[in-house]
1. Looking at (1) within 17 Å of L47 (Cα to Cα); (2) free of Cβ contacts under 8 Å to residues at least 12 places away in the same chain, find the lone condition where V232 falls short.
2. Of everything in segment 263-302, what is more than 19 Å from D9 (Cβ to Cβ) and under 11 Å from the mean Cα position of the chain (by Cα)? Give them in sequence order.
3. Are any residues in segment 121-162 under 19 Å from S91 (Cβ atoms), in contact (Cβ under 8 Å) with a residue 24 or more places away in the chain and in contact with a Pro (Cβ under 8 Å, 6 or more places away or on another chain), and if so, which ones?
4. Taking the conditions exactly as written (of a type in the set (S, T, N, Q), assigned to a helix (DSSP H, G or I) and assigned by TED's automatic domain parsing to the domain that holds H291), does T135 satisfy them or not?
5. Touching a Ser or Thr at 6+ places or on another chain (Cβ under 6 Å) and not aliphatic (A, V, I, L, M), is that true of Y161?
6. I'd like the full set of residues that are of a type outside the set (G, A, S) and in a loop (DSSP other than H, G, I, E, B), limited to segment 121-132.
7. Out of the helices (runs of 4 or more DSSP H) lying entirely within segment 151-260, which hold 1 or more residues that are within 21 Å of the chain's Cα centre (by Cα) and crowded, with 17+ Cβ neighbours inside 10 Å?
8. What strands (runs of 3 or more DSSP E), lying completely within segment 1-120, carry at least 1 residues that are crowded, with 19+ Cβ neighbours inside 10 Å and either modelled with pLDDT of 90 or more or aliphatic (A, V, I, L, M) (or both)?
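The values are calculated or read from the model by the stated rules, or taken from the named source; none is laboratory data. Predicted, not measured: the structure shown is a model, and the values here were computed from it. When we count neighbours, we look across all protein chains shown, and the Cβ atoms used for this are built from the backbone with ideal geometry, even at glycine.
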Amino acid sequence: MDYKQHRLDYCEFLISSQINYTQTYLADHHEHYSHDSINRFLRSDKLTPNILWQNVKDEIVESENGYVIFDDTVIDKRYNQKSNLVRSQWSGNEKRVIRGIGVVTNIYVNPELNCYWIINYRIYDPAGDGQSKITHMLEMLDNLVYVKELSFNIILMDSWYATTQIMKHIEKLDKIYYCPIKSNRHVDDSQGEMKHMRVDKITWNEEELSQGKTIHLKKMPKGHRLKLFRLVLSTQRTEHVVTNDMSQDNQNVTKELCGIRWKIEQFHRESKQVTGIEGCQCRLSRSLRNHIACSFLVWVHLHRLALKTKRSIYQLKFGLLDDYMRKELKNPSIPMVLLA
């Protein structure tokens, strides 16, 4: 089997199709593939995150002030109950627990160009490999520092990854982190004079709101200090953000830095809307892993073309329908007939 050609053809199918990403749909519209041949390819190939890196590494424009962002997303599989990869988990997009495949992702951001690239990912499969999301994140971080060796200074991550283990690890790498912490995390802002209390219960004066306050985060080493900021994002949403950058004294700068974290949410949204990552109906874990890998390769290709042509990924994807629409409006395949 020519795996490289099969990968190419499958990725081109994911780019071209607009609503249906099943093996049956591909077989019905491709003269060289049957459903069985597509199924054999997906269950026998072995695509890993490294192929993603090989396809994107030469395009990354590094910056000494670069950011790396870690987060996870859930690929909706509520109607697939038989795959080992599918499990019940919280979806930030749905704001509830759904059946799906968890994927931990890592992107690199060049702030000068305001551009980002997906550089790594891991499938969350604790039943299969025994790895937690935290373990996956630390593995990708070490891979980034010691193997990929990209230039960056600041790490942004969600509250899920604001653990003592991860913070200590980042500090050992001599990197800076900014991350929100959950409202029930306990902190001490009294220099040890009082007990730790929930972060959403501590008081703030005007100076502290503007410049942040020095705190000790419970379970961090004795005497260890972090900077805490209270960021009001909306009338119904407030974030408490900690950083090991003790020189940071500007709430607005902190808010801007944390805003960069939403670029990874943009990537998650785009990958779900233009690559068909949630559209595969396979049940085998290997088939699903290969489909996810191809979907990320498709995003990389569309992102590359979007930068080159100065268009959005959505314009590239849905623009494929423009010629069809013009043709149909000029000469409809199904002409309308009015009976009265």
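1. Here V232 meets the rest and fails (1).
2. Those that are more than 19 Å from D9 (Cβ to Cβ) and under 11 Å from the mean Cα position of the chain (by Cα): K263, I264, E265, Q266, F267, H268, R269, E270, S271, K272.
3. Y121, R122, D158 - these are the residues of segment 121-162 that are under 19 Å from S91 (Cβ atoms), in contact (Cβ under 8 Å) with a residue 24 or more places away in the chain and in contact with a Pro (Cβ under 8 Å, 6 or more places away or on another chain).
4. So T135 fits the description; yes.
5. Spelling it out, it is not the case that Y161 is touching a Ser or Thr at 6+ places or on another chain (Cβ under 6 Å) and not aliphatic (A, V, I, L, M).
6. D125, Q131
7. Passing ranges, in order: 164-172, 251-259.
8. Passing ranges, in order: 67-76, 96-110.
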